[in-house]
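The values are calculated or read from the model by the stated rules, or taken from the named source; none is laboratory data. Since the structure is predicted, the reported quantities are computational estimates derived from the model, not experimental observations. Cβ atoms come from the backbone with ideal geometry, glycine included; neighbour counts cover every protein chain shown. Heavy atoms of the whole protein, side chains included, go into the accessibility calculation; ligands, DNA and RNA do not. Shrake-Rupley method; radii C 1.70, N 1.55, O 1.52, S 1.80 Å.
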Amino acid sequence: MTGKILVTGANGTLGSAIVQTLIRKGLPYIAAVRDTEKAYQKLGTDAAIVHFDFSDTSTYQQATEGVSAVFLLGPPLDYSLDALLTPFLHHLKTTSINKVVYLSAMGVDVMSDALPFHNNIEQKLSELGFDYTILRPTFFAQNFKNYEGDNIKERKVLFSPAGNGKAAFVDVNDIAEVASVVLSADGHSQKVYTITGSETYSYDDVAGMLSDILQEPIAYPAPSNTDYAAALAAAGAPPFIADYMNSVYALIRDGHANKVTNDIELITGRKPNSLRSVLEKQFA
Ligand SMILES: NC(=O)c1ccc[n+]([C@@H]2O[C@H](COP(=O)([O-])OP(=O)(O)OC[C@H]3O[C@@H](n4cnc5c(N)ncnc54)[C@H](OP(=O)(O)O)[C@@H]3O)[C@@H](O)[C@H]2O)c1
């Protein structure tokens with residue numbers, strides 16, 4: 001590796017885990033964030049941080065100086081993510097940076113009608129001639145804390161429209177470990193990795209696990225899409241969020257996420273962390 005690794009989305013759940021992994025491994029990095037104050041609080045005052053916004057082309061030049069590889073992560077809940085990220089891909093083409101590791105999602109092929117953006121970006125990386133690697137993780141184990149933390153702690157319920165389907169929820173620290181390897185080593189060009197935990201669980205299983213960890217009953221009423229949309233509306237969320245999330249949860253409900261791969265072990269040499277270990281850290 002000749003230069004630094006630029007990590008976009010570095011204030012977020014996965015991006016911050018990647019930066020912490022690169023720091024631990026002594027790999028040169030720059031954390032690209034919109035909110036630099038938050039980043040210094042999160043990553044430490046001696047962290048390498050640059051102000052960066054996909055929607056502000058004037059931030060591109062400084063962020064890419066001395067960089068040889070980019071971890072590309074787009075924010076969630078944006079139907080036009082491909083339009084947001086494309087100007088930055090065109091900027092990279094004006095530099096010597098050709099290596100891009102893109103955070104896509106498991107099931108993009110199934111979701112291409114409802115949520116086409118990850119597919120579009122994967123295709124664009126190929127068309128523009130990048131030396132790319134695509135990471136397609138399944139549902140993050142951290143979603144239970146990030147998206148359902150209040151439901152679990154205050155209302156004692158999991159309320160996602162996932163039906164009785166199953167997923168092999170993955171620890172973002174495992175995705176970060178995979179990313180650190182493919183960003184810094186050869187042999188991963190034009191590859192697609194599907195990243196999962198080692199066991200699949202239904203939401204009912206997870207409710208049982210949380211009940212055990214918290215020592216109090218957590219229910220999973222398997223809400224319909226309509227009940228879920230009504231609950232989000234009652235909480236003041238704009239309607240597009242329920243539409244977006246219903247499309248995402250359909251992957252679990254319809255059985256497309258009921259899958260385990262061994263890509264984490266192939267790339268890192270060790271087994272994935274268990275869902276239970278993540279939930280214990282966050283809820284015990
Ligand atoms: N959650 C899952 O189960 C799952 C599974 C598979 C794939 N994914 C994919 O993972 C991605 C989300 O990752 P995450 O959960 O780590 O995200 P996250 O925690 O929501 O963080 C996203 C970060 O994006 C940054 N951001 C927002 N708008 C930006 C802009 N215009 N320019 C530059 N940065 C911007 C924000 O930075 P600041 O804080 O600095 O404003 C934020 O910290 C999505 O693409 C999603 O499709 C998620």
### Task
May I ask for the longest run of the chain untouched by trypsin sites (Lys or Arg not before Pro) that are loop-located per DSSP and have at most 14 neighbouring C-beta atoms (other than their own) within 10 Å?
94-269
### Summary
Expressed as a whole-number percentage, the relative contact order of the chain with C-alpha contacts under 8 angstrom and at least six residues apart is 19
### Summary
Rounded to the nearest 10 degrees, the helix 117-127 long axis (Cα) sits at an angle to the longest Cα principal axis of the chain of 30
### Pairs beyond 21 Å (Cα-Cα), from Lys25/Lys124; Lys145/Lys166; Lys191/Lys281; Lys25/Lys271
Lys25/Lys124; Lys191/Lys281
### Task
Apply the Karplus parameterisation 6.51 cos²θ - 1.76 cosθ + 1.60, with θ equal to phi minus 60°, to every residue of segment 182-199 and state each ³J(HN,Hα) to the nearest whole Hz, in sequence, with x for glycine and proline.
5, 6, 10, 10, 7, x, 10, 5, 6, 9, 10, 10, 9, 10, 9, x, 9, 9
### Message
Compute and list, largest first, the equivalent-ellipsoid semi-axes of segment 39-132 from the alpha carbon gyration tensor, each √(5λ) rounded to a whole angstrom.
### Response
24, 17, 12
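Please report Rg over Rh for segment 1-73, where both radii come from the alpha carbon positions and Rh follows the Kirkwood definition.
0.92
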### Query
Most mobile of Leu214, Leu135, Leu183 per a Gaussian network model of the chain (Cα springs, under 10 Å)?
Leu214
## Note on the structure
Taking only protein heavy atoms and a 1.4 Å probe, the highest-to-lowest accessible-area order of Glu148, Glu65 is Glu65, Glu148
### Query
Under a 5 Å amide H to amide H cut-off, with H placed in plane at 1.01 Å, what residues pair with Val170 once short-range neighbours are removed?
Phe139, Phe140, Ala141, Gly197
### Query
Given H placed 1.01 Å from N in the peptide plane, which residues other than close sequence neighbours of Val67 have an amide H under 5 Å from its amide H?
Lys4
### Task
Please express the Cα-Cα pair-distance distribution P(r) of segment 210-258 as a list of whole percents, one per 10 Å bin, running from 0 to the bin with the greatest distance.
23, 38, 34, 5
### Message
I'd like the Karplus ³J(HN,Hα) series for segment 44-61: coefficients 6.51, -1.76, 1.60, θ = phi - 60°, whole numbers in Hz, and an x wherever there's a Gly or Pro.
### Response
x, 6, 9, 5, 8, 10, 10, 6, 8, 9, 3, 8, 10, 4, 6, 8, 6, 4
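How large, in Å, is segment 176-230 by the Kirkwood hydrodynamic radius built from its alpha-carbon pairs?
With all distinct Cα pairs of segment 176-230 included, I get 15.0 Å.
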### Summary
Long-range alpha-carbon pairs in the chain, meaning those over 31 Å apart, account in percent for 28
### Query
Percent of alpha carbon pairs in segment 137-194 separated by more than 18 Å?
50
### Message
Taking only Cα atoms of segment 66-180, what ratio of Rg to Rh do you get with Rh as the Kirkwood inverse-distance radius?
### Response
1.03
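Tell me, what is the percent relative contact order of segment 137-197, built from C-alpha pairs under 8 Å that lie six or more residues apart?
This gives 50 percent for segment 137-197.
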### Message
Quick check: the distance between the Cα centres of segment 86-138 and segment 19-81, to the nearest angstrom?
### Response
17
### Query
With no solvent and one point on each alpha carbon, what is the Debye value of log10 I(q)/I(0) for segment 130-284 at q = 0.09, 0.21 Å⁻¹?
-0.32, -1.31
